[in-house]
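Presented below is the structure to which this report refers.
The values are calculated or read from the model by the stated rules, or taken from the named source; none is laboratory data. All values reported here derive from a predicted model rather than from experimental measurement. Please note: Cβ atoms are built from the backbone with ideal geometry, for glycine as well, and neighbour counts cover all protein chains shown. Ligands, DNA and RNA are stripped out before the accessible areas are found, and what is left, the full protein with its side chains, is counted by its heavy atoms. Shrake-Rupley method; radii C 1.70, N 1.55, O 1.52, S 1.80 Å.
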Amino acid sequence: MSNHLFNEFNSVSAKQWKQKIQFDLKGADYNDTLVWKTNEDISVKPFYHADDLKDQPEISNIETSTWKICQSIFVTDAKKSNKKAIDAIERGAESIKFIIPSETISINELIEGINPESTPLYFELQFLSETFIKQLMAMPSNTGIHIHTDIIGNLAKSGNWYSNLKDDFSRFNTIITHTKSFSIDVSLYQNAGANIVQQLAYALAHANEYLNYIENNKETFPVIEVTFNTSVGTNYFFEIAKLRALRVLWDSLTTAYNTNSNCYILTTPTKRNKTLYDYNTNMLRTTTECMSAILGGANSIYNLPYDAIYHKDNEFGERIARNQLLISKHESYFDMVNNPSDGAYYIESLTIQLTEKALSLFKDIEKNGGFLKQLKDGTIQRKIKASRTKEEAQFNTKEEILLGTNKYPNTEDKMKQELELYPFVKTNQRKTLIEPIIEKRLAEQVEQERLKNEP
């Protein structure tokens, strides 16, 4: 068969397509009818063409075939969590994320029988302890052990340093001397209501605070691995482009520092759009969100159980969440092709626009004193609140739809007796250094009203 099968057809330019569409609209305006704007101020067109790209897109270095299924485990008892981790691995998990609230947890008991070289282990510590981390790094086989250290993320989320700025950075220095890594909690910004451009810009500015610190201590840290803990929503193509843009932005930042730094993306579905009522719809949401994470180039993905916002950890919910990823990998073959989104005009265009807008916002943050200063001034918090308020207004007018909640709700659905966890924002009056960034689900107000009216 000829390699030039379509040479007999004339190429059609973007301008010609637009003229044809305008003709078929019979007098209606093309832009008013078919072009819509997102909350990121990006105009989405009805079609995309090679003419939309100034240059031929470069082949990305993303290897989507290597993504791993991750199981997240909150550790209260080392032996029980170890048993749970081993069971998850036997059932298909390829990596484990341990969330550890206290340094009294026994590391040896926690990872007994687990080989980190074949099953990467991620440790999210809810405390700052050089001693605990030294114990982790002293394990006979510490290859595959990844420790997440994010003192600025803790400040943003809690409103306070673990101790104080000087002491936290001193401990941070000791920790990354051993681990040669740090992490950035990007999911906080999405779960609090930040739009995609804000998420990317804040992630970059957040990371830049650490790179500035490392630049001043460059001889100590020759190679650094950064882990971006991200969340993805249901805006399918935008979320794919978001993760791709994050890698582009990180490469640009590390190039400016002339440093060799690996970027690792650990992703989970957002809590922002999850609902209490018609909760099975959450499974549909997390399925497409995990697909976006895979195609966007996430390295590891841990799925959010459909009942995570109102049930305690349970075997059924976690098994279903893990099986969603197993089906994506072994039945839908989402691990068979590298860079599947390369060359897709729409995704390439979104990636470029998100990158440019995020870079512009990042430069503005740096021009005005940097991320830490804007956190302390409350600027970041105000901008996230503005974005969240705008989205909530769209939800209230049904411009933003959550099926089963603000459209086609099942009025017979009762949830009051199902609540094992408090599913709404918790208020805790305490003194904080800065205003914390609060995670809040989109449907909370509607759900609270429905719960009040339940018999």
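Key figures
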item	result
Residue under evaluation D52, criteria (1) among the acidic types (D, E); (2) in contact with an Asp or Glu (Cβ under 9 Å, 6 or more places away or on another chain); (3) loosely packed, with under 13 Cβ neighbours inside 10 Å, criterion not met	(3)
Top-ranked residue of segment 314-343 - restricted to ones that are touching a residue at least 40 places away in the same chain (Cβ under 8 Å) and more than 21 Å from the chain's Cα centre (by Cα), ranked as surrounded by the most Cβ atoms within 10 Å (Cβ to Cβ)	R319
Cβ pairs under 8 Å, 6+ apart, first in segment 181-208 and over 28 Å from G144 (Cβ atoms) and open to solvent by less than 10 Å² (accessible area, probe 1.4 Å), second assigned to a strand (DSSP E or B) and of a type in the set (A, V, I, L, M)	none
All positions within segment 306-340 that are in a loop (DSSP other than H, G, I, E, B) and acidic (D, E)	D307, D313, E331, D335
Boolean, L375 is touching a Leu at 6+ places or on another chain (Cβ under 9 Å), more than 30 Å from W36 (Cβ to Cβ), open to solvent by less than 20 Å² (accessible area, probe 1.4 Å) and assigned to a helix (DSSP H, G or I)	yes
Single unsatisfied condition, T255 versus (1) open to solvent by 10 Å² or more (accessible area, probe 1.4 Å); (2) of a type in the set (V, I, T); (3) closer than 20 Å to A205 by Cβ; (4) in contact (Cβ under 8 Å) with a residue 24 or more places away in the chain	(4)
Segment 291-305, subset part of a helix (DSSP H, G or I) and in contact with a strand residue (DSSP E or B) (Cβ under 6 Å, 6 or more places away or on another chain), residue nearest to T268 (Cα to Cα)	A293
Residues satisfying the stated conditions in segment 140-166, i.e. loosely packed, with under 15 Cβ neighbours inside 10 Å and at pLDDT below 90	P140, S141, T143
Number of positions in segment 157-196 that are over 13 Å from the mean Cα position of the chain (by Cα) and within 25 Å of N368 (Cβ to Cβ)	12
Segment 80-103 residues that are closer than 11 Å to T119 by Cα and polar (S, T, N, Q), paired with ones that are open to solvent by 10 Å² or more (accessible area, probe 1.4 Å) and not in a strand (DSSP E or B) (beta carbon under 7 Å, 6 or more apart)	S95/T119; S95/P120
